[in-house]
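Bear in mind these aren't lab numbers, they're just calculated from the coordinates by the rules spelled out. It should be emphasised that the depicted structure is a prediction, and the values quoted were computed from it without experimental measurement. Every residue, glycine as well, gets a Cβ built from its backbone with ideal geometry; the counts of neighbours run over all protein chains shown.
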Amino acid sequence: MRYLEPAGRKLTLLLAAAVGTSIGLGGMTFRYAEGLSYFSADPKACANCHIMQPQYDGWQKASHHISASCVDCHLPDTFFAKYAAKASNGWHHSKGFTLQDFDEPIRIKETNAAILQANCARCHESTVHAIVSDSQAARDAMQCVHCHAAVGHGERAGLGGRPTDNEKRELRGTP
């Protein structure tokens, strides 16, 4: 049996220590962040980060509280798409909260807004079928949350700040 040279042993030991430290820190961080909870559909997992507490509190008081949880609105309904979105969101959320480089107030990203819109249309298909009965109409349709912004998280007050001037103009219907 051939033994490693002293320099090779030191390199192996150093590599083992680096890998062990990385795994240990990663495991500790995953445990501290309650990482396993994100695999569930429990809305409380969405409030693990203190910054999401107002959205969670608003959802508890909103009209959809009894019929839809966070994952029903914010994730695709198919298995692989749901977990791909969870992985992507998890990466972006953990990076944003760790580096503190997220927007305040928190705003939904375009990809997630498309998921939200698709879920609104899917759950309310019988109601909106006449409005978006063909694919072109669906692409051109106004986003459901444009008029129904309070449905998921309740009134805006305390849920991400006051409406911007542009949002106020949109609500009034003025340019």
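Among ILE131, ILE66, sorting on how many other beta-carbon atoms sit within 10 Å of each Cβ, with the fewest leading, yields ILE66, ILE131.
If Lys and Arg each add +1 and Asp and Glu each add -1, what is the summed charge of the other residues whose beta carbon sits under 15 Å from the beta carbon of TYR38? Overall, the nearby charge balance is +3.
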